Amino acid sequence: MTLVEAERISEYVTNLIASKPRDGYCRTSQLRGHSLCEISNAFALVIAKRRQVAGDDPSLRKQCRGFADKAGALVPALRMAVIPDADAEKLSRLARESADYGRAFSQLISKQLDDRDPEWQRYLKLEALDSFDNYC
């Protein structure tokens, strides 16, 4: 992945999550085929670039740290904010305030948080973004 691609991915994912309804979700297809690991790596490249630009400037380094903290929280939050398209279709057929919707959404989030998911296991092996920022 190039730095330009990393910047596009990180900006797109940030805007996607920022624009989703507070009580809503995004669809997997909206991630444009990028996995959690790819998204995390994209943020890591952006962090490295920002740290290089910041150099020894304390205020820029503080901004870099803030970005790394937010990115480090955003990537794992995608597990609850992004759901498979098929599940989104099922939810869209239910009335949003209904008990059926609440049950279906709760079950879906529980399924999303399953720690046996291979993608999540690969993500857990990556260095945390705030730790990576400290390394830089």
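The values are calculated or read from the model by the stated rules, or taken from the named source; none is laboratory data. Since this is a predicted model, take the numbers as computed values, not measurements. Every residue, glycine as well, gets a Cβ built from its backbone with ideal geometry; the counts of neighbours run over all protein chains shown. Accessible surface is based on the protein model in full, side chains and every heavy atom, while ligands, DNA and RNA are left aside. Shrake-Rupley method; radii C 1.70, N 1.55, O 1.52, S 1.80 Å.
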If I go through the range 105-136 residue by residue, how many of them are part of a loop (DSSP other than H, G, I, E, B), of a type in the set (A, V, I, L, M) and either in contact with a Cys (Cβ under 6 Å, 6 or more places away or on another chain) or more than 22 Å from residue 46 (Cα to Cα) (or both)?
1
Taking the range 80-113 only, how many residues are free of Cβ contacts under 8 Å to residues at least 40 places away in the same chain, within 16 Å of residue 36 (Cα to Cα) and open to solvent by less than 50 Å² (accessible area, probe 1.4 Å)?
1
Restricting attention to the range 75-104, report how many residues are assigned to a helix (DSSP H, G or I) and either touching a strand residue (DSSP E or B) at 6+ places or on another chain (Cβ under 6 Å) or over 19 Å from residue 3 (Cβ atoms) (or both).
20
Could you look through the range 51-79, keep only residues that are more than 22 Å from residue 22 (Cβ to Cβ) and in contact (Cβ under 8 Å) with a residue 12 or more places away in the chain, and pick out the one that is surrounded by the most Cβ atoms within 10 Å (Cβ to Cβ)?
68
Those residues of the range 9-50 which are of a type in the set (Gly, Ala, Ser), in contact with a helix residue (DSSP H, G or I) (Cβ under 9 Å, 6 or more places away or on another chain) and either free of Cβ contacts under 8 Å to residues at least 24 places away in the same chain or in a helix (DSSP H, G or I) (or both) amount to 10, 24, 29, 40, 42, 44, 48
Any residue at all in the range 29-42 that's over 30 Å from residue 91 (Cα atoms) and at pLDDT 90 or above?
yes
Give the residue, chosen from 125, 90, that is basic (Lys, Arg) and under 17 Å from the mean Cα position of the chain (by Cα).
125
